[in-house]
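All remarks here apply to the structure that follows.
The values are calculated or read from the model by the stated rules, or taken from the named source; none is laboratory data. The shown structure was predicted, so the numbers you read here are calculated from the model rather than taken from an experiment. We place every Cβ from the backbone using ideal geometry, glycine too, and count neighbours over all the protein chains shown. Surface areas here come from the heavy atoms of the whole protein model, side chains and all, with no ligands, DNA or RNA. Shrake-Rupley method; radii C 1.70, N 1.55, O 1.52, S 1.80 Å.
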Amino acid sequence: MTAASSLREKLERMSPTERVERVVVQHFAFPLLQALGFDESEIRYEFETGCGQVDLAARKNGDPEDIFFSSPKNPYLLLEAKSRAVNLREGSCYRDAVCQIESYLLAKNCKSAKWGIITNANNIQLWRKHGKVVHPATANLDISSDNIESIVRNLRDKIENYERALTVCVYNNKGGVGKTTTIINLAATLATTTLATKRKKVLVVDFDSQGDLTRSLGATPGKITLTQCLKDPKIDIHAIVQTYRLKYRLKGKQTTLPIFDIIPRDPELETLTDSQSLAYIQKGTRRLRDLIAPLRNEYDYILIDCPTQWLYFSQSGVFAADVILIPTRPDDLSSLNNAARVITSFVPETAKSRQDGGPRTLPIFFNGVSSGSEYTIQLANEEIGKLIDQEKSVDLRPYFWPHFKKGNENKSIFRIPDYAVISSASFDRTPAVFRDRRVLEYYQSLAREYFIDE
């Protein structure tokens with residue numbers, strides 16, 4: 001009997017309304033980890049994460065001197081179980097469980113952890129950690145004796161064959177918030193500065209028909225274009241990947257340094273605003289996600305730029321992403337309201353279409369904050385408070401005030417200042433982080449705030 005079929009038998013013997021969490025842990029969660037390929041010596045009960053004990057943790061044993069059960073350190077997977085009486089399908093119990101597994105994965109004793117599972121034997125969801133980002137790797141799945149074995153196969157395949165890249169779409173349904181500037185400077189920062197880890201391999205995708213990102217980097221499309229790749233599935237995506245090179249002088253000679261890769265926009269991309277042209281693209285807004293799939297094991301980060309309007313290009317960018325990063329401006333009321341619209345409407349709409357749990361929205365940040373703008377930020381926070389109170393379907397607080405907690409009403413929002421060098425850098429086709437040390441430090445802080453787990 002396989003571990004998966006044994007798990008099925010245990011599930012069938014368990015009461016569908018079992019109210020004791022310990023029973024779920026022992027009779028379902030532990031056998032589940034065995035079905036996922038871990039033996040008893042590679043599983044630990046009540047692992048201390050550094051911010052509480054998670055029910056189970058697992059890691060493959062490296063050698064006979066490194067047995068996880070007797071030397072519980074460097075976990076690879078964490079599992080938080082609930083009783084079957086707890087509703088993990090939706091609602092506050094589900095949201096609390098998600099917050100719990102996220103806090104465990106980011107805790108000080110879990111730097112090595114890459115995966116998290118929440119389950120009550122009625123539902124199960126796999127979560128992936130990439131640096132500081134925790135996002136769904138599967139939908140929140142209903143469990144039955146008929147599908148448990150296929151669920152185990154799916155989870156095991158994802159865990160054993162994980163994709164290297166985190167795909168990020170920088171988007172707001174409002175122009176003028178610095179989406180393109182953010183992508184260019186974040187890409188340059190991740191690709192060139194050490195932060196706490198080695199340099200990252202980064203790809204940026206210009207999926208905006210206007211092509212501001214392509215022009216800002218001085219890139220031009222080659223003989224094979226992004227539009228051709230979208231229309232013809234037989235074309236290898238690698239044929240359109242270029243490298244952005246930083247120009248500088250060394251010992252009096254002009255030279256270049258490769259920084260990150262780019263898929264540039266091409267003029268024909270503008271024709272895809274026509275419904276007749278879109279008819280030639282198989283899978284419509286799903287196509288971009290499929291197109292970049294072969295690249296997801298070659299990069300650490302894939303950053304997607306797309307236009308403001310919620311049409312083909314922006315829908316495709318959001319559909320292709322693991323997470324959505326939303327820039328706003330504290331002096332732009334519309335940017336805050338449109339950010340709320342992205343969170344409450346566009347991302348859930350996309351998640352419903354994808355049916356795999358993603359994408360997930362990261363907290364907003366303020367772009368272009370001028371000095372002496374504290375009063376403006378106070379007004380912005382007042383507007384955010386109104387948005388939070390008005391919205392009934394989604395709790396907006398974690399997306400606007402991520403540090404806000406009961407008893408600690410911290411309304412701080414990450415800021416990028418409004419330096420002239422940031423906007424003017426495009427004139428010499430150079431990311432601003434290479435022109436001003438202050439700008440580099442702020443984008444390093446942005447990377448640490450959202451992506452790099454130190």
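Remarks
- Relative frequency of Cα-Cα separations exceeding 23 Å in region 285-424, percent: 41
- Antiparallel content of DSSP bridges confined to the chain, in %, to 5: 50
- Spin-label pair Arg245/Arg153, simplified geometry with 7 Å Cα→Cβ offset, distance in nm: 4.8
- Computed extension length for Asp66-Ser6: 18.8 nm, one decimal, from 0.36 nm per residue of separation with the Cα-Cα distance subtracted.
- A simple spin-label model places the labels of Thr17 and Glu382 5.1 nm from each other, with each point 7 Å out along Cα-to-Cβ.
- Helix-only [θ]222 nm of the chain, DSSP H runs n ≥ 4, -39500 (n - 2.57) each, per residue, nearest 500: -9000 deg cm²/dmol
- Test item: Cα-centred dipole of region 163-220, Lys/Arg +1 and Asp/Glu -1 on Cβ, debye: 280
- Test item: Cα-centred dipole of the chain, Lys/Arg +1 and Asp/Glu -1 on Cβ, debye: 940
- Relative contact order computed over the chain (Cα-Cα under 8 Å; 6+ residues apart), in percent: 15
- Distance between modelled label sites at Arg341 and Arg199, nm, 7 Å Cα→Cβ extension: 4.1
- Pairwise FRET efficiency - His238 versus Asn161, Cβ, R0 = 25 Å, nearest 0.05: 0.75
- Using the Cβ-Cβ distance between Arg435 and Arg95 with R0 = 60 Å, the FRET efficiency computed as 1/(1 + (r/R0)^6) comes to roughly 0.90.
- Along the axis of the charge dipole computed for the chain (Cβ charges of +1 for Lys and Arg, -1 for Asp and Glu, origin at the Cα centre), the listed residues Gly358, Gly284, Phe451 are led at the positive end by Phe451.
- Cβ-placed point charges (K, R +1; D, E -1), dipole of region 335-454 about Cα centre in debye, nearest 20: 180
- Restriction of the trypsin sites (Lys or Arg not before Pro) in region 323-393 to DSSP coil positions whose beta-carbon has at most 10 other beta-carbons within 10 angstrom yields Lys392.
- Å³ per residue enclosed by the Cα convex hull of the chain: 170
- Surface share of carbon and sulfur [accessible, 1.4 angstrom probe, percent] for region 175-220: 45
- Placing a label point 7 Å from the Cα of Asn410 along the Cα-to-Cβ direction, the residues of region 91-113 with a backbone N closer than 16 Å are 103-104, 106-108.
- Segment Asp142-Asp395, length gained on full extension (0.36 nm per residue, minus Cα span): 88.7 nm
- Were the residues from Asp356 through Gln228 laid out at 0.36 nm apart, the gain over their Cα-Cα distance would be 43.3 nm.
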